[in-house]
Amino acid sequence: MFRRVLGKTLGLVGYTIQYGCIAHCAFEYLGEVVVCSGPSMEPTINDSDLVVSESLSRHFYSIQKGDIVIAKSPNDPRTHICKRVIGLEGDKVCTSSPYDLLKRHSYVPKGHVWLEGDNLKNSTDSRNYGPVPYGLIRGRICLKIWPLDAFGYLQESPNGRIPRDD
């Protein structure tokens with residue numbers, strides 16, 4: 001009796017560990033569903049929107065300007081941020097607010113990206129904490145799934161802050 005209970009318990013623990021490892025690998029290397037909070041990406045992503053984040057772009061270094069990414073916050077690694085990629089390493093970016101009279105520019109250093117929210121008046125982003133290391137990016141948002149009336153691929157930046165490669 002004891003052996004049978006012990007065997008079933010160990011079998012259950014084994015399956016739990018196996019499925020936990022599979023789930024970890026799926027979330028780490030494939031993607032996940034994310035609930036976004038805060039006003040920094042409005043009107044593109046609103047508070048409590050559900051989005052799908054894929055991780056393959058991060059692993060293959062195929063993040064591009066204009067992509068919306070989930071990254072660990074440089075200010076607090078326990079929280080995640082959702083921002084748009086404005087500049088990649090080597091790009092010249094405007095580091096001042098679009099409402100400033102004097103414009104300041106800087107180059108994005110190697111291994112970093114420049115992230116900004118679409119809601120420029122209400123976003124804490126690279127204009128506050130500087131370039132973000134590429135290693136802090138967790139994934140690229142590819143699809144909005146909630147609310148249902150906004151289901152689909154995400155739109156271009158509403159404020160035109162993404163420089164064009166000419």
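If I ask for residues that are within 22 Å of the chain's Cα centre (by Cα) and exposed (fewer than 11 other Cβ atoms within 10 Å of the Cβ), which ones from the range 84-108 would you list?
90
For every residue, the table says whether it meets (1) assigned to a loop (DSSP other than H, G, I, E, B); (2) in contact with a Gly (Cβ under 8 Å, 6 or more places away or on another chain).
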residue: 65; (1), (2): yes, yes
residue: 84; (1), (2): no, yes
residue: 89; (1), (2): yes, yes
residue: 97; (1), (2): yes, no
residue: 113; (1), (2): no, yes
residue: 118; (1), (2): yes, no
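Pick from 5, 33: which is open to solvent by 30 Å² or more (accessible area, probe 1.4 Å), at negative phi, of a type in the set (A, V, I, L, M, F, W, C) and part of a helix (DSSP H, G or I)?
The conditions single out 5.
For the range 101-120, enumerate the residues that are aliphatic (A, V, I, L, M) and touching a helix residue (DSSP H, G or I) at 6+ places or on another chain (Cβ under 7 Å).
113, 115
Return the pair list, or none, for Cβ contacts closer than 6 Å from residues in the range 48-70 that are in contact (Cβ under 8 Å) with a residue 60 or more places away in the chain to residues that are among the polar types (S, T, N, Q), at least 6 apart or on different chains.
63/57; 70/53
Condition first: of a type in the set (Lys, Arg) and either farther than 21 Å from residue 120 by Cα or open to solvent by less than 50 Å² (accessible area, probe 1.4 Å) (or both). Now tell me which residues in the range 36-73 satisfy that.
Passing the criteria: 58, 65.
The values are calculated or read from the model by the stated rules, or taken from the named source; none is laboratory data. Keep in mind it's a predicted model, so treat the numbers as computed, not measured. Every residue, glycine as well, gets a Cβ built from its backbone with ideal geometry; the counts of neighbours run over all protein chains shown. Protein only, heavy atoms only, side chains kept; ligands, DNA and RNA dropped before computing areas. Shrake-Rupley method; radii C 1.70, N 1.55, O 1.52, S 1.80 Å.
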